[in-house]
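Encoded as structure tokens, the structure appears first; notes follow it.
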Amino acid sequence: MSSSENSATVSPLADMLAGLLNRLSPDSGIDVAAPVAELVAAHAQGHVCLPLRSQAARRLRSSPLVGKPGDYAPLLLDGADRLYFARHWHDEHRLAVRLSAMAADVQPADAARVRAALDPLFPSANLGQGPDRQKLAAALAARQRLLVISGGPGTGKTTTVVRLLALIASLSPRPLVMAMAAPTGKAAARLSESVQKARDALPVAEAVRGQLPGQAQTLHRLLGLRPGQARPRYHAGQPLPLDVLVVDEASMIDLELMARTVDALPPHARLVLLGDRDQLPSVDAGAVLADLCGRVAYRPATRQWLAEASGETLPETPDALGKLADCVMLLTHSHRFRADSGIGELARSVNAGEGEAAWRVLQEGRFDDIELRPALDETALMAGRRDYLQAIRAGAPLDEAQAAFGRFMALAGERRQVAQINAAMERSLEAEGLKQPGRDWYPGRPVMIAANDYGLGLFNGDIGFAVARDEGVRVAFPMPDGEWREFAPGRLPEHDTVFAMTVHKSQGSEFDEVWLALPDRPGNVLDRPLVYTAITRARRRFVLAGAKPVWDDAVSRVNVRYSGLPDQLL
């Protein structure tokens, strides 16, 4: 959301809230309108709280509307002068307490027994790449109820989690109930596909393989969250019937949803969070995965146990451990991007904030998998979609059309750019007679669902394709079981054309070729995590369309989100 769009939404809401709060305490002499407006604006930008100057904090503390953490008040001000809406502080505190308790509950595990089960799952030595962090992560899962695994594309997060689940199952004295989830339907489908492939190749007994989950679902479906219902089906009072929960694409999960997920786990359950801490944070408030990965440390006794259980040695870490010590593993070796990969080199430079070096990589032409162009043009857009459009026109099997669609994607940081790119594509389709002017629906229109519909089984992020049928245009969507379902266009929940998409919407997806269209001028929306996320959506080729001043500003900009979670986990 751009700053102008934010302002248009935030101002009426802030005015309404400030008016309500001031009416609750008309005689206090403290006007909360200004801090409430700032807090609403901060929340719209993804912040959980608002740091205040000490003078402003002292003034607010005298208001009956502002309490200390844990008080019954609409606004809470903590000891570090951070202002919260009460709900957000309670979400943050509840999450910190539950995660800290899980981290402290170390499960006894015999190192020799773990080693015997672990070695067949990780038979290849990680020669020349330092310690095998995938193997170490699996070993940690044998003793930690909480495990956070962060790594960039191709570092083997999914492979690791399948093997660690097999390890946990093989060590358990009883069959375990396991589940997998992700924040969007698209990410859940991708996780299901990856896990199914890896599961079949595991060197384990069928009894172990049978315990591993085959399908992932959205977190909303897992928890039983439905529109209009304040409370999900599963919560602290009615926990999920699970022993192990794996959550992928954790960088996309906001504070409230993460708190609800952890709340719904039974006391004995294990939680494994997967994601890339350097990717874009959630659309809503919070940057939970980045907060959890801010301090990576291991106790000496844990490093010794890991060496015995895995044969791998971790380097020493700082003495300041924190409550999540031993619970975070960073995967650093990319199996997808080789040393001669331009995409990998570009992503590393951007992630390090080296904008000039990254621009040189784009300009030099040393790599054939990256390219720099001044702008995104309609001819290039149509060329990228030609295979997909031909598959639709030829009535190819839907799996083939879907594969063709995944070969190319245009991305942008701003929604207005996405609308412009989609409009340009439809003009080109009309010029070639593939779309009738004035018609919304036509064979080949790709759409992304923007709102969950539990009745239809369609969820935010699902992508479908309009196809011609005897009864008219129908929109086909892949289902978790591998089948396709077709719907009349009028039955669909809120949706958008998706010849292009925002970088935010692309999370959880990969495409063979990705083009990133920069805006004409710098802006707050475009920052380093967004550029890094866009680059790492590309499997084989990345093209940047834009100018150097916008690029430089974006790579240098890191929009840190205000949160008290790291302090609560110290």
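The values are calculated or read from the model by the stated rules, or taken from the named source; none is laboratory data. Remember, it's a predicted structure, so these values are computed and weren't measured experimentally. Cβ sites come from the backbone with ideal geometry, for glycine too, and all protein chains shown count toward neighbours. With ligands, DNA and RNA removed, areas are computed over all heavy atoms of the protein, side chains included. Shrake-Rupley method; radii C 1.70, N 1.55, O 1.52, S 1.80 Å.
Here are the numbers for this structure:
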read-out	value
Search result, residues across the stretch 305-342 that are part of a helix (DSSP H, G or I), at pLDDT 90 or above and not polar (S, T, N, Q)	TRP305, LEU306, ALA307, GLU308, ALA309
Condition check for ALA109: in a loop (DSSP other than H, G, I, E, B), closer than 24 Å to VAL262 by Cβ and modelled with pLDDT under 95	yes
Any hit, the stretch 478-491, residues being assigned to a loop (DSSP other than H, G, I, E, B) and either of a type in the set (Lys, Arg) or within 27 Å of VAL555 (Cβ to Cβ) (or both)	no
Restricting the stretch 217-235 to residues that are open to solvent by less than 70 Å² (accessible area, probe 1.4 Å) and either part of a loop (DSSP other than H, G, I, E, B) or of a type in the set (A, V, I, L, M, F, W, C) (or both), the residue that is nearest to THR184 (Cα to Cα)	LEU219
Pairs with Cβ under 9 Å, 6+ apart, first in the stretch 481-493 and farther than 22 Å from GLU193 by Cβ, second among the acidic types (Asp, Glu)	ALA488/GLU471; PRO489/ASP440; ARG491/ASP453; LEU492/ASP453; PRO493/ASP453
Residue tally, condition open to solvent by less than 10 Å² (accessible area, probe 1.4 Å), at pLDDT below 95 and not in a loop (DSSP other than H, G, I, E, B), over the stretch 428-446	1
Residue within the stretch 192-210 that is of a type in the set (S, T, N, Q) and without any contact (Cβ under 8 Å) to a residue 12 or more places away in the chain present	no
Flag if VAL114 is in a helix (DSSP H, G or I) and farther than 26 Å from ARG277 by Cα	yes
ALA101 being under 20 Å from VAL288 (Cα atoms) and loosely packed, with under 13 Cβ neighbours inside 10 Å	no
Pair list, Cβ under 6 Å, 6 or more apart: the stretch 140-153 residue among the charged types (D, E, K, R), other residue surrounded by fewer than 23 Cβ atoms within 10 Å (Cβ to Cβ)	ARG143/VAL106; ARG143/GLN107; ARG143/ALA109; ARG145/MET102; ARG145/ASP105
Residue in the stretch 81-101 that is part of a loop (DSSP other than H, G, I, E, B) and closer than 15 Å to ASP567 by Cβ present	yes
Condition met for GLY286 (open to solvent by 40 Å² or more (accessible area, probe 1.4 Å) and either at pLDDT 95 or above or at positive phi (or both))	no
Test for VAL473: is it outside any loop (DSSP other than H, G, I, E, B), of a type outside the set (Gly, Ala, Ser) and in contact with a Lys or Arg (Cβ under 6 Å, 6 or more places away or on another chain)	no
Single match in MET382, MET409 (criterion: open to solvent by less than 60 Å² (accessible area, probe 1.4 Å) and in a strand (DSSP E or B))	MET409
Failed item in (1) farther than 24 Å from ALA500 by Cβ; (2) touching a strand residue (DSSP E or B) at 6+ places or on another chain (Cβ under 8 Å); (3) in contact (Cβ under 8 Å) with a residue 60 or more places away in the chain, with GLY353 passing the rest	(2)
Flag for ILE392 being among the β-branched types (Val, Ile, Thr) and open to solvent by less than 10 Å² (accessible area, probe 1.4 Å)	no
All positions within the stretch 529-565 that are more than 29 Å from GLY406 (Cβ to Cβ), assigned to a helix (DSSP H, G or I) and open to solvent by less than 50 Å² (accessible area, probe 1.4 Å)	ASP552, ASP553, LEU565
ARG209 being under 22 Å from TRP89 (Cβ atoms), among the basic types (Lys, Arg) and open to solvent by less than 60 Å² (accessible area, probe 1.4 Å)	no
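Yes/no matrix, rows are residues, columns are (1) within 25 Å of GLN217 (Cβ to Cβ); (2) open to solvent by 10 Å² or more (accessible area, probe 1.4 Å); (3) acidic (Asp, Glu):
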{"site": "LEU257", "(1), (2), (3)": "yes, yes, no"}
{"site": "ALA269", "(1), (2), (3)": "yes, no, no"}
{"site": "GLN304", "(1), (2), (3)": "no, yes, no"}
{"site": "THR317", "(1), (2), (3)": "no, yes, no"}
{"site": "LEU321", "(1), (2), (3)": "no, yes, no"}
